[in-house]
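One structure is given below, encoded as structure tokens.
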Amino acid sequence: MNTKRFQDKVVLVTGGNSGIGKATALAFGREGAKVAIAARRENLGAEVVNEIKSKGGEALFIKTDLMMADQINNLFATIEEKYGRLDCAYNNAGIWPKMKRTIDYTIEEFDAVMNINVKAVWRCMKQEVPLIIKSGGGAIVNCSSVAGLQTQEDTSIYVASKHALLGLTKAAALEFGRKNIRINAVCPGATQTAMLEGQIADGGPERKEAMLGVTPLGRFGKPEEIASTVLFLCSDAASYITAKSLVVAGG
């Protein structure tokens with residue numbers, strides 16, 4: 001049985017050097033994709049590339065600060081020069097600000113979250129869509145969060161950014177469906193990553209218990225569980241799914 005659903009497909013994963021992004025890049029590599037990884041930390045990116053290659057896959061790390069428009073331009077110029085196409089993209093990179101009341105955030109904190117969690121995804125999509133159209137169609141998955149569908153105290157800017165990302169996802173999906181591009185979002189719950197560790201450290205032990213207490217499965221998610229959902233949304237098995245937000249949050 002051939003399990004390489006993405007054989008010879010070119011796939012981009014932003015923030016693909018750690019956490020959910022790393023798990024997704026590795027999963028695409030196992031399934032035959034040529035994986036372009038965009039992130040800032042070059043040493044971690046090289047480790048992911050080497051791991052993919054050690055298992056017979058193909059991968060390329062492109063050092064990219066998604067706050068910088070010129071580096072985003074370089075990212076897509078490199079993909080086009082190297083592979084001449086793009087079939088799928090997972091816009092995974094995002095940041096979590098410290099927990100504060102809405103009125104206590106600074107303008108700088110607001111801008112930092114919105115610039116990475118929303119604006120950088122939009123900038124990437126502006127270049128992903130034409131490349132995928134040129135390739136004959138494909139799929140884009142944006143990484144929102146359960147925070148894009150609900151809210152809680154002291155997370156207003158993050159919540160706003162993830163709600164905005166779902167709006168961007170749905171609008172773009174309507175615009176480009178007839179160009180054979182499906183655009184969806186994955187909405188992870190609490191997942192075992194460095195970002196989660198930061199949230200728990202920020203909120204204290206009671207925050208961890210509270211997060212587990214509202215999760216029917218009684219545990220945090222694994223990055224690989226989110227990755228498998230991303231691959232499903234990019235695969236032919238999801239060929240009639242677009243403009244949707246798929247929650248992966250243990251209930």
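Numbers at a glance
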| read-out | value |
| --- | --- |
| Cross-link reach list, lysines versus Lys244, counting only Cα pairs under 19 Å and skipping chain neighbours closer than eight places | Lys162, Lys170, Lys179 |
| Choice from Lys162, Lys170, Lys82 showing the highest fluctuation, given a GNM over the chain with Cα pairs closer than 10 Å | Lys82 |
| 3J(HN,Hα) from dihedral phi, region 165-181, Karplus parametrisation 6.51/-1.76/1.60, rounded to Hz, x for glycine, proline | 5, 5, x, 4, 4, 5, 5, 5, 4, 5, 6, 10, x, 6, 9, 6, 10 |
| Choice from Gly137, Gly21, Gly198 with maximal GNM fluctuation in the chain (Cα, 10 Å cutoff) | Gly198 |
| Cβ-isolated cysteines (cut-off 4.7 Å), the chain | Cys124, Cys143, Cys187 |
| Theoretical gain in end-to-end length, Glu209 to Arg41 [0.36 nm per residue, Cα-Cα removed] | 57.3 nm |
| 5 angstrom amide H check on Leu60, placed H, neighbours 5+ away | Val35, Ala36, Ile37 |
| Simple Cβ-charge dipole of the chain, Lys/Arg +1 and Asp/Glu -1, about Cα centre, in debye nearest 20 | 680 debye |
| Unit charges at the beta carbon, dipole of the chain: most positive-side option, Leu165, Trp96, Tyr83 | Tyr83 |
| For region 1-128, alpha-carbon Rg over 2.2 N^0.38 Å | 1.12 |
| Estimated distance in nm for a label pair at Asn73 and Asp202, the labels positioned 7 Å out from Cα along Cα-to-Cβ | 3.3 nm |
| Selected from Asp236, Asp104, Asp87 as most flexible by GNM, with the chain as the system and alpha-carbon contacts under 10 Å | Asp104 |
| Packing-based ranking, highest mean first, of 205-215, 149-159 given that Cβ atoms within 10 Å are counted | 149-159, 205-215 |
| For region 90-203, radius of gyration divided by Kirkwood radius, i.e. Rg to Rh on alpha-carbons | 1.02 |
| Column: log10 I(q)/I(0), Debye, Cα scatterers of the chain, q = 0.16, 0.17, 0.18 Å⁻¹ | -1.18, -1.33, -1.48 |
| C-alpha center-to-center spacing [region 1-78, region 229-251] in angstrom | 20 Å |
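Taken together, the values in this text are just the output of simple stated rules run on the coordinates, not laboratory data. Bear in mind the structure is a predicted one, so any value in this text is a computation, not a measurement. Heads up, the Cβs are rebuilt from the backbone with ideal geometry, glycines too, and the neighbour counts pull from every protein chain shown.
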